[in-house]
Amino acid sequence: LHTRYGNTMLVRLGLVLAATLLAVPSGRWTAWVRYLTLGLAAVALGLQGMIGHAGATGGAIGDGLLFSESLHLLAAGIWLGALVPLWLGLRALGPEQASAICERFTPIGLACVLVLAGTGFAQGFELIGSVPALFGTPYGHFAVLKISLFLLALVLATLNRLWFSDRVAADIPG
């Protein structure tokens, strides 16, 4: 209760608890309950930045990093959090419905990827500072690993969009 980290963690845990309790089916699962649950979870995720590097940096730079980190975490949560339900849904649906779902997911995934790339670049530029620091420090090495994994995910998403989605669409009866 006497640190920013502790207070932030308590708020986050309270938000997650409230979202979890709202998510329990109760027969009153209306649209506003779904939106409230998603909103609480999104705020809890966005607050994660307050307990990392962004939250530890003061002034205008810290405020910018905190905003960027919150956007970064929300985009990652939306994109990566949707992949398993997307995959399970595609397996359960027929080709026509699966193709429609893929087409609907593409703009969401693309927006999330653009936000991830932009915020990741902004944070890396501010926290790492230079190309020599990217390759010459342990933090920079970790950033290179994250960049590599991000690029691998982009390659897989591109292959999925160009190969798998078209294959699913081709199975639609004419």
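The values are calculated or read from the model by the stated rules, or taken from the named source; none is laboratory data. The structure presented is a predicted model; accordingly, all values stated were derived computationally and were not measured. Note: ideal-geometry Cβ built from the backbone for every residue, glycine included; neighbour counts use all protein chains shown. Ligands, DNA and RNA are stripped out before the accessible areas are found, and what is left, the full protein with its side chains, is counted by its heavy atoms. Shrake-Rupley method; radii C 1.70, N 1.55, O 1.52, S 1.80 Å.
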Per-region count, segment 14-27, residues out of contact with any Ser or Thr (no Cβ under 8 Å at 6 or more places or on another chain) and free of Cβ contacts under 8 Å to residues at least 24 places away in the same chain
9
Inside segment 55-78, can you point out the residues that are under 23 Å from Thr158 (Cβ atoms) and touching a Leu at 6+ places or on another chain (Cβ under 7 Å)?
His72, Leu74, Ala75, Ala76, Gly77
Okay, helices (runs of 4 or more DSSP H) sitting entirely in segment 3-122 with 2 or more residues that are open to solvent by less than 50 Å² (accessible area, probe 1.4 Å) and not hydrophobic (A, V, I, L, M, F, W, C), I get 4-23, 31-46, 59-92
Would you confirm whether any residue within segment 34-54 is closer than 21 Å to Ala157 by Cβ, of a type in the set (Lys, Arg) and more than 13 Å from the chain's Cα centre (by Cα)?
no
Can you tell me which residue in segment 123-155 is surrounded by the most Cβ atoms within 10 Å (Cβ to Cβ), limited to those that are under 21 Å from Phe67 (Cβ atoms) and touching a Phe, Trp or Tyr at 6+ places or on another chain (Cβ under 9 Å)?
Ile128
Of the residues that make up segment 124-140, is at least one in contact with a helix residue (DSSP H, G or I) (Cβ under 7 Å, 6 or more places away or on another chain), within 27 Å of Leu15 (Cα to Cα) and assigned to a helix (DSSP H, G or I)?
no
